[in-house]
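S.K.: The structure's right below; bear with me while I get my questions together.
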Amino acid sequence: MDFEQDGVPTRLDSKIQKLIILFVFDKMAISLSEAALLDICTSENDWLSYMECKQYLGELIDTNLLYRVPKSEYINITQDGIGCLALFFTRIPTSIRDDINAYARENRMRYKKRQSYFCDYSKNADGTYTVIMKINSDIATLMELKLVVANRQLAKYLYKSWVDKASQTYALIHDTLLD
């Protein structure tokens, strides 16, 4: 990524790019999949190039500044990563830090919901569709619900509405069963 300092384009060195990745994890304050991090840093924002982000992500994991969350596809920052960031975050240009802070405030819940609420559907041999809806925590599946619906239109409706209705559905089932 090129950064303008006093109107002059400047290429960020690898240490600063790694700090940007750590800063994203710190400000998002949730575990992220590799795909989500790449999307945040490269597609949605122009903080890093795709190849450099992918390379530095691997290096940060290898040096234990980031870790893979057991039994999941997610990655998060370690205590060492937080310590490293605390010492050197001022090396990240202020404009990029401000962008990351704003992005995290605006998008944290969207990513949290995307991770927590999973939905998929598949066609059955008899022409019906099975819709699988899950609510996940960082370490376990809290609820898994399978519904068989008559057609693809209903399956797509459930798929699209699950994120918005998952918490209500969980609360209703929980309260009904424990009442």
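The values are calculated or read from the model by the stated rules, or taken from the named source; none is laboratory data. Quick caveat: nothing in here was measured; it's all calculated off a predicted structure. Here Cβ is always computed from backbone atoms with ideal geometry, including for glycine, and neighbour counts include all displayed protein chains.
S.K.: I want to confirm something. Restricting to region 113-166 and keeping residues that are touching a residue at least 40 places away in the same chain (Cβ under 8 Å) and of a type in the set (Ser, Thr, Tyr), which single residue is nearest to residue 70 (Cα to Cα)?
M.R.: 116
S.K.: Can you confirm whether region 81-94 contains a residue that is surrounded by 13 or more Cβ atoms within 10 Å (Cβ to Cβ), within 18 Å of residue 163 (Cα to Cα) and not assigned by TED's automatic domain parsing to the domain that holds residue 157?
M.R.: Looking through region 81-94, none of the residues is surrounded by 13 or more Cβ atoms within 10 Å (Cβ to Cβ), within 18 Å of residue 163 (Cα to Cα) and not assigned by TED's automatic domain parsing to the domain that holds residue 157.
S.K.: Where in region 1-69 are there helices (runs of 4 or more DSSP H), lying fully within it, with 2 or more residues that are modelled with pLDDT of 90 or more and within 14 Å of the chain's Cα centre (by Cα)?
M.R.: Here the list reads 14-28, 34-38.
S.K.: Under the condition of being at pLDDT below 90 and touching a strand residue (DSSP E or B) at 6+ places or on another chain (Cβ under 9 Å), which residue from region 136-159 is farthest from residue 172 (Cα to Cα)?
M.R.: 138
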